[in-house]
Amino acid sequence: MAGNSQRRNRRTSNKKGATVGSGGQRRKALEGKGPTPPAEMRKGHKKNRIATAQAKRAVSAQSRRPSGRGAKSTSELVVGRNPVVEALRADIPATAVYVQQFIDNDDRVREALTLATDRGVPLLEAPRPELDRLTAGLNHQGLVLQIPPYEYAHPDDLAADAADQGEDPLIVALDGVTDPRNLGAVVRSVAAFGGHGVVVPERRAAGMTAGAWKTSAGTAARVPVARATNLTRTLEAYQKAGLLVVGLAADGDVELQDLEALAGPVVIVAGSEGKGLSRLVGETCDLLVRIPMPGGGAESLNAGVAAGVVLYEASRRRAR
């Protein structure tokens with residue numbers, strides 16, 4: 001009986017000791033917490049207080065922007081962890097990265113902070129309600145990238161820059177192209193084949209957004225994009241300056257390989273994939289050119305592909 005009593009006492013003892021399975025917990029407690037976050041992200045640090053105040057001021061200023069017709073956006077926002085990381089990887093220009101206070105620190109957040117820090121992009125910590133207001137309630141996941149407004153050139157600058165280089169202007173104008181990725185692809189092709197810039201209309205057309213920057217693969221930093229208040233008048237001004245305006249159309253009168261004029265000063269005009277050139281723009285063009293497609297697999301090419309084909313042909317002729 002005494003032995004049984006001693007065994008019961010041992011089983012009900014309150015004496016502290018190692019519990020089964022505690023080894024993994026103790027090892028976990030000894031693991032590091034990763035690299036030290038930047039000063040702007042460390043609670044209580046002077047830089048953190050400054051960054052938080054800056055974020056609140058920026059969010060407040062963003063919310064006071066005028067809206068409606070005629071309003072001019074001061075910046076673009078890239079929202080969400082994956083989009084922010086991809087934008088930073090693509091070296092898209094950025095003025096700030098807003099980071100939510102007490103954010104769950106996963107791999108995407110750590111990469112975004114590292115990329116921003118390496119590029120010298122300011123990190124601004126902000127409470128979730130501030131980011132909700134900044135993004136108009138979008139699912140920002142605690143990360144928001146602010147992109148500065150793109151500085152558009154004037155259409156006259158493109159021909160003037162070519163003249164300064166002693167070259168015949170080679171310019172692409174886009175009519176009704178609304179997909180920023182198409183604009184980015186055209187910018188990339190212009191850079192690859194020695195063009196002097198791209199012209200887009202101010203309204204109902206794609207602009208240099210984060211998507212266009214990304215598709216351009218960094219070439220948007222050296223290829224000027226100009227905005228035209230009225231594309232038809234801009235093309236007429238180019239004609240008066242001695243440039244041939246060539247429109248791309250599936251039913252064009254001239255085939256691309258027969259267009260000797262590509263060796264001289266020229267503006268290539270590409271329309272949208274669905275509608276092509278608008279009536280006024282088509283009537284303004286000196287020539288309408290078609291790209292032969294012996295494969296017959298597609299009725300038309302999108303602006304990015306079509307412009308790339310014509311730019312290659314122009315580059316080949318100019319190299320002779």
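To the nearest µm²/s, what D does Stokes-Einstein give for the stretch 138-202 at 25 °C and 0.890 mPa s, using the Kirkwood radius over alpha carbon pairs as Rh? Before the final figure, lay out each step's value.
Details: Rh = 13.9 Å.
After rounding, the answer is 177 µm²/s.
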At residue 260 and residue 164, where each label point lies 7 Å from the Cα along Cα→Cβ, what is the point-to-point distance in nanometres? 3.3 nm
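Under Stokes-Einstein, with the Kirkwood radius over Cα pairs standing in for Rh, what whole-number D in µm²/s applies to the stretch 91-177 at 25 °C and 0.890 mPa s?
Values: Rh = 16.1 Å.
Value of D from the Cα-based Kirkwood radius: 152 µm²/s.
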Counting only protein chains, not ligands or nucleic acids, how are 152, 98 ordered by accessible area (probe 1.4 Å), most first? 152, 98
Backbone N under 19 Å from the residue 219 label point (7 Å along Cα→Cβ), restricted to the stretch 89-121: 90-93
When all protein chains stay in place, what accessible area (Å², nearest 10, 1.4 Å probe) is found for residue 124? 10 Å²
Can you compute 3J(HN,Hα) from phi for each residue in the stretch 76-86, using the Karplus curve 6.51 cos²θ - 1.76 cosθ + 1.60 with θ = phi - 60°, rounded to whole Hz and x for Gly and Pro? 10, 10, 9, 10, x, 5, 5, x, 5, 4, 5
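Please give the contour-minus-distance gain from residue 232 to residue 133: 0.36 nm per residue of separation, less the Cα-Cα distance, rounded to one decimal in nm.
Numbers: separation 99, 0.36 × 99 = 35.64 nm, distance 4.00 nm.
Computed gain between residue 232 and residue 133 is 31.6 nm.
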Normalised per residue, the volume of the convex hull around the Cα set of the stretch 180-241 (Å³): 78 Å³
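Quick check on the stretch 217-320: take the gyration tensor over C-alpha atoms, sort the square-rooted eigenvalues as a ≥ b ≥ c, and tell me if it's rounded (a/c under 1.5), prolate or oblate. Before the final figure, lay out the partial values.
On the way: a/c = 1.25, a/b = 1.16, b/c = 1.07.
The shape class here is rounded.
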Where 147, 103 fall by accessible area, highest first, once all protein chains stay in place (1.4 Å): 103, 147
Sparse-neighbour loop sites [trypsin sites (Lys or Arg not before Pro); the stretch 202-253; at most 16 other C-beta within 10 Å; DSSP]: 203, 204, 222
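The values are calculated or read from the model by the stated rules, or taken from the named source; none is laboratory data. The structure presented is a predicted model; accordingly, all values stated were derived computationally and were not measured. Cβ atoms come from the backbone with ideal geometry, glycine included; neighbour counts cover every protein chain shown. Accessible surface is based on the protein model in full, side chains and every heavy atom, while ligands, DNA and RNA are left aside. Shrake-Rupley method; radii C 1.70, N 1.55, O 1.52, S 1.80 Å.
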